[in-house]
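One structure below.
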Amino acid sequence: MKSFSEIDTTVKRASKSVGFDWGIAEELGKNIRLLEMFGLPGLKNLNAYFKIYRQKQFQKISLISKINSSNIAYCPIIAGINFLDQITNLEKMDEVGFENMSFPLLFIPFLSRSTEIIGKRIFLNIDGKEFLLNFNQSIYSNFLSGDIIELAKIIKVKFIENKNTFSENEWQELYELSEGTFVEESEQLKKSAAGAGLTDND
Amino acid sequence: MEVQLRDPKEVMKLSRLGSFHQSKLSFLRSFLREFKNWKYKRDLLELDENGFGIVVYSFRKKKRIYSLICFANKITDQERSDRVIATKWDAAFTLFDGIPTKQDIERLKKNVPKQEVGRMSYKELTLSRANKSVRIFNYVAECLSNGQQPDKNKLAKVGYLYRTTAVYGSGKFGLADRFRIKNREEIYGPFRLEMMLVYLVRQFTFDQVNHIAKSKNPKKAVSLDPEISRNLGIGNSTGLGMAPFIVNHPLLLNNWIMAREVALKKIRQIKKINQSDVDLIINCLKSSQKNIENWNTESDYQLSKINHLKKDLDLLIQYFLTRFDYKKEFSYNDLYIWARKSLGSECLEFMVSVIMEPYEKIVSPLIKTMSADEDMYFTIPINKTISDLRNILELNYTDILKIDFTQKENNQNFWFISKNKEEPRLANRFKDNGSELEQPLAIARDICQLYQRISNEKNSLTIGKFLMNNNDLRHVIRRSFITEKFPYAEIQDNTIGSKLMPIDMLRLKLSFFGAVKFDPRSDKWLRICMFQGAPLPNELKTTNDHWVYNLIN
């Protein structure tokens, strides 16, 4: 088994070797490590992408808009880097779409790290494969095959407002149960148990 | 009294960092303090009459066990080499997490002696190899087999029976990743398991030499005297492989230096000083005089530094004996102000190390601050502006921005990774091939380029937008923002200039390890000694922490 440290270092070097700048190569080392840690086939997808990276042409998007479409497939790494660098503007758009992106799995860790910056979850749909990116702590997905995804036709990125998964009623019910650990205070205890002075403002 | 931390532009110069000495903060000493109450045991010794075979040692406390597995092998004199290109060693070691099974040992027997080309697993924590000292190992075995102790003077010239040539950890070659074990309190200090490995290897060298002597002459042989053993450490041969580490881990570098600087600041702020504390410092200084006499090297560079140290150490001791008034408030601050004016870097930094000795309460809490979660500061703050970046560069890289990289001598070298051994190397840009594959270690040059690049940008432009067209400088933009929060994160020097002494970078790291007797063999590699004078495993509980200053014969 390869350690995550080995994955990070080798990916960084390989990324520089195919032509990415050192700063981006550093990001990729961390990203593939992240994907592998979350059980997604990052290294496999990166390896497949790098095999064709020098032979084929990819669209290197710089400014990301609400809808991004290109006849030439987007490079997931450049799209990802710019997504990460522009996240505070993109967040305001609620939803961002891409049409035609190569190896979209490589785009995911940039989004995962973006969730940590903005403090919001991101819901990602890649041609029906769904991913919920949770503050860079975990990735919840229905994509379990571990395959290489060479191309995504439609990618939808949705920013999820911070809200609870439960109703106020459900909260109240649980809160009432928690009150079972509280002690009813006598008048004497109200005066003495908190440890404050005899007057409120001394 | 409020004393300021020392200016990073003064402390982080390579010539200063290359004058650092071991201290109470050093990793091998904090390792010994942490593990002094652990139960030590030699679990297995299966060596043949020539000392070849397997030995296992362990440290245990409650349910936690660390086992060192040693594989001693036969190699020819021609095969023995300290250089990283070697493929065979006298002994190879791995630190195992728990108690190894027979299957584990069989698996490791096939892999550990191969080192970089073997495969470890997440059950193994560190990996190393070592070679016998040709100068003294056989001599010691011979003496012991004849019932005699070896000549102490002869041993003092070397200082060890074995020399390690690399110690690996943190996920290398399949070893356990740091995150798997990072929450264990006993290893909160950096490199603690690497230190454990080296310490137990030292014990292996004594056990092996005793075993060989006994096998040779069972009736007459004696064991190596514990006092002689105590005065032997483990040698280490270190090349350029270690140098880029301190550039590649800015946060860790900051935390090491910061701990040292905070310790110094707090000591300078001590108002009332106890006489016993001053006595301890004076004793350590006096003992050091003898130890420095035994600091052998053929390097003119180091000899000159040692001579300055000896001269200045006399001055320092004189200051303590004649001018230092412990009854006066804040006398350590007066001492520091005098020392900064009167002593060279080598002795000034030696003094900084020694004055920590009495102050366990100051030093101990700092040990846990010396690790780093580097991922926390990896992401570039994209909402900051060019104005913010410019301020950081002008404030934190003042001297670096003065370097003219159009001058050939300032741009002479480049760092690369050798294809042969996947290790860092340094070459001349104008003579050697490969500069197009340069590693991102020319921080000063790239910072200057960044400063130039932002000179025409609007102050209000965000870093996120600037990066759209400037990703080639992304690596130094990241570093710049790290230095904003961590002032000692960056070496304030040119790491590719013609005057670069790479051994300064090595010495900085090795001083934090706790190494002594730096012996440069060229400007790119040096030999050192670790654990010389340290208590033996069965003495750990009863030895005081100042053993490093004890007189070494």
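The values are calculated or read from the model by the stated rules, or taken from the named source; none is laboratory data. Please read all numbers here as calculations on a predicted model, not as lab measurements. Please note: Cβ atoms are built from the backbone with ideal geometry, for glycine as well, and neighbour counts cover all protein chains shown.
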Could you tell me whether any residue of segment B:96-112 is of a type outside the set (Val, Ile, Thr), within 24 Å of the chain's Cα centre (by Cα) and within 22 Å of residue B:527 (Cβ to Cβ)? no
For segment B:12-40, which residues satisfy the criterion of being in contact with an Asp or Glu (Cβ under 6 Å, 6 or more places away or on another chain), among the polar types (S, T, N, Q) and part of a helix (DSSP H, G or I)? none
Kindly evaluate residue B:67 against the criterion of being part of a loop (DSSP other than H, G, I, E, B) and either farther than 30 Å from residue B:285 by Cα or more than 14 Å from every other protein chain (Cβ to nearest Cβ) (or both). no
Quick one: would you say residue B:481 is within 27 Å of the chain's Cα centre (by Cα), hydrophobic (A, V, I, L, M, F, W, C) and within 14 Å of chain A (Cβ to nearest Cβ)? yes
What are the residues in segment B:360-387 that are surrounded by fewer than 17 Cβ atoms within 10 Å (Cβ to Cβ) and more than 14 Å from chain A (Cβ to nearest Cβ), if any? B:360, B:361, B:364, B:365, B:368, B:369, B:387
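Report, by residue number, each residue of segment A:81-102 that is under 21 Å from residue A:30 (Cβ atoms) and either without any contact (Cβ under 8 Å) to a residue 12 or more places away in the chain or within 12 Å of chain B (Cβ to nearest Cβ) (or both). Please lay out each step first, then the result.
Within segment A:81-102, the first condition is being under 21 Å from residue A:30 (Cβ atoms), and the residues that meet it are A:81-88, A:90, A:101-102.
Within segment A:81-102, A:81, A:82, A:83, A:84, A:85, A:86, A:87, A:88, A:90 qualify.
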Residues of segment B:115-159 classified as under 24 Å from the mean Cα position of the chain (by Cα), outside any loop (DSSP other than H, G, I, E, B) and closer than 17 Å to residue B:73 by Cα, total: 8
Does segment A:56-74 contain any residue that is away from every other protein chain (no Cβ under 14 Å) and under 16 Å from residue A:39 (Cα atoms)? no
Scope segment A:101-131; condition over 8 Å from the mean Cα position of the chain (by Cα), of a type in the set (Phe, Trp, Tyr) and crowded, with 18+ Cβ neighbours inside 10 Å; matching residues: A:103, A:107, A:131
Candidates B:391, B:459, B:433, B:420, filtered to the one that is more than 14 Å from chain A (Cβ to nearest Cβ), surrounded by fewer than 19 Cβ atoms within 10 Å (Cβ to Cβ), outside any helix (DSSP H, G or I) and at pLDDT 95 or above: B:459
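Taking segment B:163-185 as the search range and keeping residues that are among the charged types (D, E, K, R) and within 19 Å of the chain's Cα centre (by Cα), which one is farthest from the other protein chains (Cβ to nearest Cβ)? I'd like the intermediate steps shown before the answer.
Of the residues in segment B:163-185, the ones among the charged types (D, E, K, R) are B:163, B:172, B:177-178, B:180, B:182, B:184-185.
Still in the list and also within 19 Å of the chain's Cα centre (by Cα): B:163, B:172, B:178.
Numbers: B:163: 26, B:172: 7, B:178: 7 Å.
Among those residues, the one meeting the criterion is B:163.
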Any chance segment B:60-81 includes a residue that's under 24 Å from the mean Cα position of the chain (by Cα), modelled with pLDDT of 95 or more, surrounded by fewer than 23 Cβ atoms within 10 Å (Cβ to Cβ) and basic (Lys, Arg)? no
For segment B:436-456, name all the residues that are touching a residue at least 60 places away in the same chain (Cβ under 8 Å), in a loop (DSSP other than H, G, I, E, B) and among the aliphatic types (A, V, I, L, M). B:441
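Assess whether residue B:151 counts as being farther than 19 Å from residue B:113 by Cα and either facing chain A (nearest Cβ under 9 Å) or in contact with a Gly (Cβ under 8 Å, 6 or more places away or on another chain) (or both). So that I can check it myself, show each step before the final result.
Values: farther than 19 Å from residue B:113 by Cα: yes; either facing chain A (nearest Cβ under 9 Å) or in contact with a Gly (Cβ under 8 Å, 6 or more places away or on another chain) (or both): no.
Against the criterion (farther than 19 Å from residue B:113 by Cα and either facing chain A (nearest Cβ under 9 Å) or in contact with a Gly (Cβ under 8 Å, 6 or more places away or on another chain) (or both)), residue B:151 does not qualify.
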Within segment B:498-536, of all residues that are assigned to a strand (DSSP E or B) and of a type in the set (A, V, I, L, M, F, W, C), the one nearest to residue B:405 (Cα to Cα) is B:526
Residue check: is residue B:39 in contact with a strand residue (DSSP E or B) (Cβ under 9 Å, 6 or more places away or on another chain) and surrounded by fewer than 15 Cβ atoms within 10 Å (Cβ to Cβ)? yes
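Scanning segment B:288-343 for residues that are of a type in the set (Val, Ile, Thr) and surrounded by 15 or more Cβ atoms within 10 Å (Cβ to Cβ), which turns out modelled with the highest pLDDT?
Keep residues of segment B:288-343 that are of a type in the set (Val, Ile, Thr), which gives B:292, B:297, B:306, B:317, B:322, B:337.
The next check asks that each one be surrounded by 15 or more Cβ atoms within 10 Å (Cβ to Cβ); those that pass are B:292, B:297, B:306, B:317.
Numbers: B:292: 87, B:297: 81, B:306: 90, B:317: 97.
Looking at residues that are of a type in the set (Val, Ile, Thr) and surrounded by 15 or more Cβ atoms within 10 Å (Cβ to Cβ), I get B:317.
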Look through segment A:135-181, keep the residues that are surrounded by 10 or more Cβ atoms within 10 Å (Cβ to Cβ) and among the basic types (Lys, Arg), and return whichever of them is nearest to residue A:117 (Cα to Cα). A:158
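Taking segment A:110-121, which residues are within 14 Å of chain B (Cβ to nearest Cβ) and either farther than 10 Å from residue A:77 by Cα or in a loop (DSSP other than H, G, I, E, B) (or both)?
Keep residues of segment A:110-121 that are within 14 Å of chain B (Cβ to nearest Cβ), which gives A:110-119.
A:111, A:112, A:113, A:114, A:115, A:116, A:117, A:118, A:119 - these are the residues of segment A:110-121 that are within 14 Å of chain B (Cβ to nearest Cβ) and either farther than 10 Å from residue A:77 by Cα or in a loop (DSSP other than H, G, I, E, B) (or both).
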If we keep just the residues of segment B:182-207 that are more than 19 Å from residue B:127 (Cβ to Cβ), touching a residue at least 40 places away in the same chain (Cβ under 8 Å) and not charged (D, E, K, R), which is surrounded by the most Cβ atoms within 10 Å (Cβ to Cβ)? B:189
Hey, could you check segment A:1-37 for residues that are facing chain B (nearest Cβ under 10 Å) and not in a helix (DSSP H, G or I) and say which is nearest to residue A:52 (Cα to Cα)? A:20
State which residue is surrounded by the fewest Cβ atoms within 10 Å (Cβ to Cβ) when the search covers only segment B:133-158 and only residues that are modelled with pLDDT under 95, under 17 Å from residue B:90 (Cβ atoms) and not hydrophobic (A, V, I, L, M, F, W, C). B:135
Evaluate the following for residue B:307: is it under 29 Å from residue B:361 (Cβ atoms) and out of contact with any Gly (no Cβ under 9 Å at 6 or more places or on another chain)? no
